[in-house]
Amino acid sequence: MASGSLVLLDTNMERGDRFDHPLIERYASRDMARLFSPRARHGVWRDLWICLAEAEEQLGFPVTKDQIVELRQHRDTFDWDRVAELERELRHDVMAHVHHYGELAPSAKPIIHLGATSCFVTDNGDLVIYREALRLLERRLAACVHNLTQFAKEWRSQPCLGYTHFQVAQPVTVGKRACLWAQDLALDLDEVRRVAKWLPFRGVKGTTGTQATFLLLAGGDHEKVRQIDRLVTEGMGFERSIPVSGQTYTRKIDWTIHQALSSIAQSASKFANDLRLLSHEGEIEEPSESKQIGSSAMAYKKNPMRCERVNSLARYVIEAANTSAHTAATQWLERTLDDSAIRRIALPESFLAIDGILMLIENVSQGLVVYPKVIEKKLAEQLPFLATEEILMAGVEAGGDRQDLHERVRVHSRAAAHAVKAEGRPNPLMELIAADPAFAAIKGRLPDLMQPSRFVGRCAEQVDAFVEHEAAPRLAGVDLGGMAGELRV
């Protein structure tokens, strides 16, 4: 991120007297928080300065091996109070770190940041961190897909009511529905992998992207300038750098990253909303701890608090992604600094929020509680209505008049619906049909026509195909060990 002064809190403040960011204190993992810590960020800056010095020395620029050795020796030494003091004096975060590094490595001080602009470390450093953060999210996504596919296999054949418009619809199976959630996250996994692999490096481009300073240092040798860009790009583990830049890399890259994060948030929120609806129906619940309190007043309550938290964090990420769109749209010419503050906030926070979201989904998906008896009871209550088409077709096959039978089914269905809704009675539709002489020829078949498995189509087979052909290839070779983070609240 670009240069700018930083107002630092008094380090002697009591914890209760300062703002603790919820994403750090409550939601994100320590691994993700560490990636966006000052030590990680400024450690990457020093890696970039070392890499630049090594490339410059290799190409004959005025840099010595001894200077590089000294830079390496002090790579991990930070005096944060001294950095803060320098920043208050210089009003420039990058130069504060340049001066501090130079104090630690005095012989290398003259060549630190040689030929570079602030965005050499801020932009390139951000890209290094974003790529690592994407790789962490990749593993978390894989763990969530794994859990959901395991759940789907276990419940592949359990019929349950389907819902469209949250109204009763043709039955599905519990496992098939879980595949809908897993499929969304699998698509997000594809996109995170694509972006992480595609992500370019800013490279060594100079103040306005012209590489003029490096051309001057290279004595007008254009090939040396091309080589220094290549050496630093490869030295930092990237396959390519962007071909042209202003002072910054194009902020379209941030938008691409933010879109991937927003996509995960969308999938997660869909999953969490579905679980909240099913929890209301009493069919499936998120796990809960033995001493977990649902309400301070209503002791009986068992609220879907983890899924609600997913929805809450997802809402933030979806909205935060728009800031990258606005930033990309409003950059002036070679650059403007109105991107700096928002990027320091929105991108790291979105990564932290998605990290927290995926830990929640991994936790929930690993411990989903299914209530088959409730599912079967609710299905049995609605199945007479859902079975009417099969009953109608069986009656026609047995010699009945289709139009006459259709009218009789319609009349009986209305009467049954009134009994259920207005009178609170059990669904009497099958009794009404069984007592109708027009259906006498198929009366004995009615119990068979009411079997739930007749109405779920290829749900179980679709689960098997999804697990084998979609999930398994995506998860092949992924180390899922040690991914579950501790949920602190």
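For this structure, a couple of remarks:
- Globularity index of the chain is 1.33 (Cα radius of gyration / 2.2 N^0.38 Å, N = number of residues).
- In this structure, I342 and L277 have a Cβ-Cβ separation that, at R0 = 60 Å, corresponds to a calculated FRET efficiency of about 0.95.
- Residues Y163 and E319, FRET efficiency given R0 of 30 Å [Cβ-Cβ distance, rounded to 0.05]: 0.60
- The gain in end-to-end length when the V478 to E334 segment is fully stretched comes to 47.8 nm, 0.36 nm per residue minus the alpha carbon separation.
- Theoretical FRET efficiency, 1/(1+(r/R0)^6), r = Cβ-Cβ of H469 and E70, R0 51 Å, to 0.05: 0.40
- Distance violations [Cα-Cα > 24 Å] among K197/K270; K65/K197; K176/K443; K176/K377; K176/K197; K197/K224: K197/K270; K65/K197; K176/K443; K176/K197; K197/K224
- Sequence-distant residues sharing a close amide H with Y163 (under 5 Å, placed H): A169
- Evaluated with a Cβ-only charge set (Lys, Arg +1; Asp, Glu -1), the chain carries a dipole of roughly 640 debye about its Cα centre, given to the nearest 20.
- Spin-label pair L180/E431, simplified geometry with 7 Å Cα→Cβ offset, distance in nm: 3.4 nm
- Which of L432, A472, L487, positive extreme of dipole for region 405-489 (C-beta unit charges): L432
- Once the Cα gyration tensor of region 91-166 is diagonalised, semi-axes √(5λ) in Å: 54, 14, 9
- For region 104-228, Kirkwood radius (reciprocal of mean inverse C-alpha pair distance, Å): 19.1 Å
- Taken as Cα centroids, region 416-446 and region 346-399 sit 27 Å apart, rounded to the nearest whole angstrom.
- Every Cα-Cα pair of region 280-426 was included, and the share exceeding 18 Å stands at 75 percent.
- Ranking A272, L216, S350 by how far each Cα lies toward the positive end of the dipole of the chain (charges on Cβ) leaves A272 at the top.
- An ellipsoid equivalent to region 388-449, defined through the eigenvalues of its Cα gyration tensor, has semi-axes of 21, 12, 8 Å when rounded to whole angstrom and sorted largest first.
- Pairwise alpha-carbon distances in region 47-124 exceed 20 Å for 28% of all pairs.
Throughout, read-outs are computed from the coordinates displayed, never taken from laboratory work. Because the structure is a prediction, the values reported are computed rather than measured. Heads up, the Cβs are rebuilt from the backbone with ideal geometry, glycines too, and the neighbour counts pull from every protein chain shown.
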